[in-house]
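First comes the structure, then the notes that go with it.
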Amino acid sequence: MESIRYLALGDSYTIGTGLEQEGQNFPSLLATRLTQATGIDVAVVNLGVNGYTTADLIREELPVARASSPEIVSVLIGANDIVQGSDEGSYRRRLQAIYASVGELGLPAGRMLSISIPDFSGLPGAAPFGTAGQLRARVDAFNRIAQTEADSRGFHFADISGLSRERDRGDGWLAADGLHPGPWQHRAIADYLWEIVGGEWARITSP
């Protein structure tokens, strides 16, 4: 195997809005961990776009995903559905469509990773979108949906909401906009994701 193709689907969290360098986002860091574990280059196809909802992902990212022939896939989507007032039923239906399309890529279920929506409810930049209590309840509800749908398909599920709620990690934990993760938080996310999928993903190159 000459390289491993990693497809990252999502929104601002996936592309790394607020970071100074693309290599600081969690998909790039996760790819580096996989290269270190296997000795094989990992080509990251990062389709995340700032502001995207599940509907945007279905319309814009899934057609590219179907043509990309990845070996591993991650999905993190939903924060903008919350911000734009989507109800839980609509979110579930669109997420089901996304997961079904990912499943149709023909990969073993263990190579798929669903990642929870980070809890942005208490951040300074979240104030225009509702009260902290309202937002946190919505994030938790949407993440329960994501976990249920991921579990039903045998996908890995990573709950990073606890990490995102930490506030005392110093400079680099939050981006300058007061809303998105900074480089140190992306690194912490990548480390946590690796704990969940690293062992299985590192066996991709095995006969």
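Scanning the stretch 63-101 for residues that are in a loop (DSSP other than H, G, I, E, B), more than 19 Å from Met112 (Cβ to Cβ) and not polar (S, T, N, Q) yields Gly85, Asp87. The residue list Glu60, Glu20 contains one member that is out of contact with any Ser or Thr (no Cβ under 7 Å at 6 or more places or on another chain), surrounded by fewer than 20 Cβ atoms within 10 Å (Cβ to Cβ), of a type in the set (Asp, Glu) and not in a helix (DSSP H, G or I), which is Glu20. Looking across Ala158, Ala109, one residue alone is buried (at least 17 other Cβ atoms within 10 Å of the Cβ) and either within 21 Å of Leu193 (Cβ to Cβ) or among the hydrophobic types (A, V, I, L, M, F, W, C) (or both). It is Ala158. Among the residues of the stretch 178-189, is any surrounded by 13 or more Cβ atoms within 10 Å (Cβ to Cβ), closer than 19 Å to Thr17 by Cα and among the charged types (D, E, K, R)? Yes: the stretch 178-189 contains one or more residues that are surrounded by 13 or more Cβ atoms within 10 Å (Cβ to Cβ), closer than 19 Å to Thr17 by Cα and among the charged types (D, E, K, R). Listed conditions (1) part of a loop (DSSP other than H, G, I, E, B); (2) charged (D, E, K, R); (3) in contact with a helix residue (DSSP H, G or I) (Cβ under 6 Å, 6 or more places away or on another chain) are all met by Arg33, apart from (1). Suppose the filter is touching a strand residue (DSSP E or B) at 6+ places or on another chain (Cβ under 6 Å) and either modelled with pLDDT under 95 or at positive phi (or both); does Ser69 pass it? So Ser69 does not fit the description; no. Identify, please: which residue in the stretch 14-23 is modelled with pLDDT of 95 or more and touching a helix residue (DSSP H, G or I) at 6+ places or on another chain (Cβ under 7 Å) and is, among those, farthest from Ile58 (Cα to Cα)? My answer is Leu19.
Restricting attention to the stretch 70-113 and to residues that are in contact with a Leu (Cβ under 8 Å, 6 or more places away or on another chain) and hydroxyl-bearing (Ser, Thr, Tyr), the residue that is farthest from Arg136 (Cα to Cα) turns out to be Ser101. Counting only helices (runs of 4 or more DSSP H) that sit wholly inside the stretch 114-207, those with at least 2 residues that are touching a His at 6+ places or on another chain (Cβ under 7 Å) and closer than 27 Å to Ile4 by Cα are 183-201. In summary, Gly51 fulfils each of the numbered conditions (1) of a type outside the set (A, V, I, L, M, F, W, C); (2) within 14 Å of the chain's Cα centre (by Cα); (3) part of a helix (DSSP H, G or I) with the single exception of condition (3).
The values are calculated or read from the model by the stated rules, or taken from the named source; none is laboratory data. Not measured: the values here are computed from a predicted model. Please note: Cβ atoms are built from the backbone with ideal geometry, for glycine as well, and neighbour counts cover all protein chains shown.
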